[in-house]
1. Yes or no: the range 6-27 includes at least one residue that is in contact with a helix residue (DSSP H, G or I) (Cβ under 6 Å, 6 or more places away or on another chain) and not polar (S, T, N, Q).
2. If Phe2 satisfies all but one of (1) loosely packed, with under 10 Cβ neighbours inside 10 Å; (2) in contact with a Phe, Trp or Tyr (Cβ under 9 Å, 6 or more places away or on another chain), what's the number of the condition it fails?
3. Only one of (1) assigned to a loop (DSSP other than H, G, I, E, B); (2) surrounded by fewer than 10 Cβ atoms within 10 Å (Cβ to Cβ) is not met by Lys45, so which one is it?
Amino acid sequence: SFELSIPNKQSLPEFNTKISSFLGVIESNETEISKLHEVKDTMVKMLSSR
């Protein structure tokens with residue numbers, strides 16, 4: 001079991017701003033990972049065809 005803190009109405013805007021920032025970074029990282037997988041797959045195909 002663990003304690004879950006819920007922000008009050010006064011601090012909710014600040015909380016949302018911080019969380020939105022984190023979610024943006026996570027989304028950016030997921031996009032980069034996807035692109036890197038594509039590059040890896042392309043390079044593996046190129047190297048295996050030699």
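Just so it is clear, none of the values below were taken in a lab; they were calculated from the coordinates. All values reported here derive from a predicted model rather than from experimental measurement. Reconstructed Cβ throughout: ideal geometry from the backbone, glycine too, with neighbour counts over all protein chains shown.
1. yes
2. Among (1) loosely packed, with under 10 Cβ neighbours inside 10 Å; (2) in contact with a Phe, Trp or Tyr (Cβ under 9 Å, 6 or more places away or on another chain), Phe2 violates only (2).
3. Lys45 satisfies every listed condition except (1).
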